[in-house]
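Q: After the structure tokens below, expect a handful of questions from me.
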Amino acid sequence: MAIESLILGVGGFVFLLILAGAFLAVQEAKAGSLHRFDFFFLAGIATAFTVANYLWFFVNEQEAGALVAIWVAGGVALALYFRSAFTRTLAQSQKREGDY
């Protein structure tokens with residue numbers, strides 16, 4: 001039961017970090033290499049990666065570790081999607097400003 005509670009708690013935390021990153025990706029519209037929303041995605045991904053390795057190697061729960069490791073790939077995919085959408089939106093807005 002302790003492993004399930006750990007997975008549920010960390011899953012909720014990672015979900016909130018990624019949700020905050022997605023929200024900030026939509027809100028933020030300025031040029032730069034790293035944005036505020038990138039750090040939320042990175043924190044969520046790093047947390048999931050750390051917990052997955054902890055479960056796999058230290059607690060010897062390979063099944064739970066593999067489940068949590070899937071969150072890493074999902075977080076990376078979401079981060080890349082929002083980063084791509086943000087960059088595309090920023091490029092379009094800069095292009096429109098140059099037209100006037």
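Q: Kindly indicate which of Phe41, Phe13, Phe49 is surrounded by 13 or more Cβ atoms within 10 Å (Cβ to Cβ), modelled with pLDDT of 80 or more, touching a helix residue (DSSP H, G or I) at 6+ places or on another chain (Cβ under 8 Å) and under 20 Å from Arg88 (Cβ atoms).
A: Working: Phe13 fails: under 20 Å from Arg88 (Cβ atoms); Phe49 fails: under 20 Å from Arg88 (Cβ atoms).
Of Phe41, Phe13, Phe49, the one residue that is surrounded by 13 or more Cβ atoms within 10 Å (Cβ to Cβ), modelled with pLDDT of 80 or more, touching a helix residue (DSSP H, G or I) at 6+ places or on another chain (Cβ under 8 Å) and under 20 Å from Arg88 (Cβ atoms) is Phe41.
Q: Quick check: anything in the range 58-72 assigned to a helix (DSSP H, G or I) and within 12 Å of Gly21 (Cβ to Cβ)?
A: Within the range 58-72, none of the residues are assigned to a helix (DSSP H, G or I) and within 12 Å of Gly21 (Cβ to Cβ).
Q: Let me ask you something else. If you go through the range 53-100 one residue at a time, how many are surrounded by 11 or more Cβ atoms within 10 Å (Cβ to Cβ), over 15 Å from the mean Cα position of the chain (by Cα), free of Cβ contacts under 8 Å to residues at least 24 places away in the same chain and closer than 24 Å to Ile7 by Cβ?
A: Residues that pass the stated criteria total 7.
The values are calculated or read from the model by the stated rules, or taken from the named source; none is laboratory data. It should be emphasised that the depicted structure is a prediction, and the values quoted were computed from it without experimental measurement. Quick reminder, even Gly has a Cβ in these numbers, built from the backbone with ideal geometry, and neighbours come from all protein chains shown.
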